[in-house]
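The values are calculated or read from the model by the stated rules, or taken from the named source; none is laboratory data. No experiment lies behind these values; they were computed from the predicted model shown. Neighbour counts run over all protein chains shown; Cβ positions are idealised from the backbone, glycine included.
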Amino acid sequence: MGTHKGERYFLAIGVLCVAIVAVVSVRSKAASAPQMPGQPPSRFLGAWCAQGDPAKQCSVSMNGLFLTFTNESGTTSSAHYIGVEQNVVSADQWGFVQGTLSQDGTRINWSNGTYWARCSGGGGGGGRNYPNVDGTWYRGGDHSKSCYIRQKKRNLSLTNEQGDSGTGNTDGRWHLTTNWAGTTVHGTISRDGNTIYWDNSTTWTR
């Protein structure tokens with residue numbers, strides 16, 4: 001009788017160990033699964049022109065894992081991806097109109113028959129067509145994390161809250177391209193000019 005009880009005990013322990021291994025294996029696989037590819041979302045970011053018209057400035061910025069689209073009227077919408085390739089988005093507050101990014105990343109074709117094209121730098125208006133970002137900024141709005149931008153026309157010298165230096169330029173009315181020791185980081189400026197949304201999921205405000 002005691003032998004049978006001992007066998008049942010060890011059998012129960014064995015089943016429990018197998019169950020624990022299975023749970024740990026599932027959790028390990030879930031933890032190692034990619035959350036979101038970094039490159040595809042960043043291809044939407046930056047300055048855009050509705051119908052390719054430089055006078056109709058639009059932009060795409062990122063807040064954490066979410067994209068925010070701003071049209072030429074200043075109206076914004078959050079967006080989520082459709083499908084696994086992440087080249088199609090649905091604008092939630094714009095009647096779920098869908099935008100498809102071209103393979104070369106230079107155009108968003110909307111399902112309502114309109115499109116956005118990448119804004120080319122320049123434009124022959126003769127006036128200043130670049131933003132004024134010179135001054136002190138704060139990472140995430142935290143005034144203990146001061147950042148600085150020194151601007152000469154389109155050229156920028158930047159210092160982040162850790163004292164690291166970078167260079168860059170404004171290549172569109174709402175867009176910045178910066179270089180930090182060989183790493184390129186793009187920024188999209190809010191319509192009020194007081195926030196920069198960087199494509200590494202950080203923000204600077206002033």
Looking at (1) closer than 20 Å to ASN109 by Cβ; (2) at pLDDT below 85; (3) within 12 Å of the chain's Cα centre (by Cα); (4) part of a strand (DSSP E or B), find the lone condition where MET62 falls short.
(1)
Of these, ASP199, ASP171, which one is touching a Leu at 6+ places or on another chain (Cβ under 8 Å) and modelled with pLDDT under 90?
ASP199
Tally of residues being modelled with pLDDT of 90 or more and hydroxyl-bearing (Ser, Thr, Tyr) across region 79-93:
1
Would you pick out the residues in region 140-165 that are surrounded by fewer than 18 Cβ atoms within 10 Å (Cβ to Cβ), within 25 Å of ARG118 (Cα to Cα) and in contact with a strand residue (DSSP E or B) (Cβ under 7 Å, 6 or more places away or on another chain)?
ARG154, ASN155, SER157
Please list, ordered by residue number, the strands (runs of 3 or more DSSP E) wholly in region 140-194 having 3 or more residues that are of a type in the set (Lys, Arg).
none
The correct count of residues that are of a type outside the set (Val, Ile, Thr), assigned to a loop (DSSP other than H, G, I, E, B) and surrounded by 15 or more Cβ atoms within 10 Å (Cβ to Cβ) in region 77-87 is 2
Is there any pair with a first residue in region 185-206 that is at positive phi and in the same structural domain as LEU158 (by TED's automatic domain parsing) and a second that is outside any strand (DSSP E or B) and not small (Gly, Ala, Ser) whose Cβ atoms are under 7 Å apart and which are 6 or more apart or on different chains, and what are they?
GLY193/PRO131
Looking for whichever is assigned to a loop (DSSP other than H, G, I, E, B) and either of a type in the set (Ser, Thr, Tyr) or within 20 Å of ASN200 (Cα to Cα) (or both) here; the options are GLY74, GLY95, GLY105. Which one fits?
GLY105
